[in-house]
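First the structure, in the form of structure tokens, and then the observations on it.
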Ligand code: HEM
């Protein structure tokens with residue numbers, strides 16, 4: 001279901017004469033500077049976000065700023081964390097929009113989103129449960145175990161979000177590189193991506209050529225190989 005919705009998002013909005021390569025999404029993906037600027041902003045704002053989170057988490061673990069009350073440090077730093085978070089989310093969504101189908105079926109992107117949800121759940125747990133008792137431990141150099149646990153989960157989940165974010169750029173464990181039936185293949189719902197890729201390849205090979213009006217699949221030129229053109233999507237998952 002999401003696959004079809006994202007395929008639409010990738011191909012339709014902004015497209016002229018029904019040509020998917022002119023859609024906003026594909027123009028962004030193929031842009032000379034815009035994609036790189038967006039990713040650069042994503043990385044810089046995540047440094048602001050992760051750097052400020054790290055300071056507060058280390059205080060909660062009792063490992064840094066032990067003589068500064070938690071609330072004093074948090075009140076100073078929270079606006080910067082929020083600014084970083086808003087920027088990283090906005091730029092992340094724009095990057096996702098540039099190639100939604102690919103990211104939706106990426107093992108790494110999915111792992112990143114799982115840890116993002118875990119980090120968010122941890123924030124809610126800390127805010128609505130642990131933080132209620134802040135008056136009791138605000139000044140303590142070493143806060144209670146529940147506070148340390150929240151800080152540990154926060155640090156670990158953000159570190160994994162960053163690691164998986166970086167790994168998203170790599171091609172290993174992409175659908176076409178994984179054997180059907182493998183764990184990664186099922187986790188990334190590769191079947192629907194490979195089915196769509198096969199359909200696109202079939203459509204491509206059945207398109208009449210401009211010069212002859214003949215279907216390329218039936219009449220390969222005598223001096224050309226019968227392999228699919230380089231631009232055509234892979235028809236079979238490669239192991
Ligand atoms: C605090 C939250 C986030 C963190 C810490 C984070 C972290 C990262 C990192 C480290 C990269 C790799 C940058 C590089 O070195 O090339 C990255 C790339 C990316 N992020 Fe995020 N991200 C976050 C939120 C999001 C969100 C909410 C989305 C979208 C819904 C998103 C989408 C992307 C995309 C599409 C890429 C590009 C992957 C590629 O190279 O093709 N990110 N992110």
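Output needed: percent of Cα pairs per 5 Å distance bin for segment 148-191, bins running from 0 to the one holding the longest distance.
5, 20, 18, 16, 15, 12, 10, 4, 1
Does anyone have the angle between helix 107-128 and the longest principal axis of the chain? Alpha-carbon axes, 0 to 90°, nearest 10?
30
If we restrict to alpha carbons, what Rg and Dmax does segment 27-170 come to, in Å?
Radius of gyration, then largest Cα-Cα span, for segment 27-170: 17.0, 55 Å.
Roughly what would the spin-label model give for residue 159 and residue 54, points 7 Å off Cα along C-beta, in nm?
1.1
How much FRET efficiency would the formula 1/(1 + (r/R0)^6) give for residue 138 and residue 170, where r is the Cβ-Cβ distance and R0 is 41 Å, rounded to 0.05? Don't jump to the answer; show the numbers that get you there.
Values: r = 43 Å, r/R0 = 1.06.
It comes to 0.40.
From the convex hull of the Cα coordinates of segment 4-102, what is the mean projected area in square nanometres? Please list the in-between numbers first.
Working: hull surface 31.9 nm².
Directional mean of the projected Cα hull area for segment 4-102 stands at 8.0 nm².
Given the C-alpha centroids of segment 166-187 and segment 99-164, what is the distance between them in whole angstrom?
Comparing the Cα centres of segment 166-187 and segment 99-164, I get a distance of 26 Å.
Return the distance in nm (one decimal) between the two label points of a simple spin-label model at residue 63 and residue 89, each offset 7 Å from Cα along Cα→Cβ.
2.7
Starting from the 7 Å offset along Cα-to-Cβ, what nm value, one decimal, do you get for the label separation of residue 37 and residue 186?
A separation of 4.5 nm, rounded to one decimal place.
To the nearest 10 degrees, how steeply does helix 190-206 sit against the main Cα axis of the chain, on a 0 to 90 scale?
Once rounded, the angle reads 30 degrees.
How long are the three semi-axes of the equivalent ellipsoid for segment 115-181, computed from the Cα gyration tensor as the root of 5 times each eigenvalue, in whole Å, largest first? Before the final figure, lay out each step's value.
Values: eigenvalues 271, 26, 13 Å².
Calculated on Cα positions only, the semi-axes equal 37, 11, 8 Å.
Between helix 34-60 and the chain, what is the angle of the helix's C-alpha long axis to the longest principal axis, kept within 0 to 90° and rounded to the nearest 10?
30
What does the helix-only formula give at 222 nm for the chain: each DSSP H stretch with n ≥ 4 adding -39500 (n - 2.57), the total divided by the residues, and the result rounded to the nearest 500 deg cm²/dmol? Don't skip to the answer; put the middle values down first.
On the way: 10 runs with 148 residues, N = 239.
After summing the helix terms and dividing by the residues of the chain, the value is -20000 deg cm²/dmol.
Please identify which residues in segment 72-109 have an amide N closer than 19 Å to a label point set 7 Å out from the Cα of residue 4, following the Cα→Cβ vector.
Those under the cut-off are 100-102, 104-105.
Only the coordinates and a few stated rules stand behind these numbers; no lab work does. What you are looking at is a predicted structure, and each value in this text was computed from that prediction instead of being measured. Methodologically, a virtual Cβ is constructed for each residue, glycine included, from the backbone with ideal geometry; neighbour enumeration extends over all protein chains shown.
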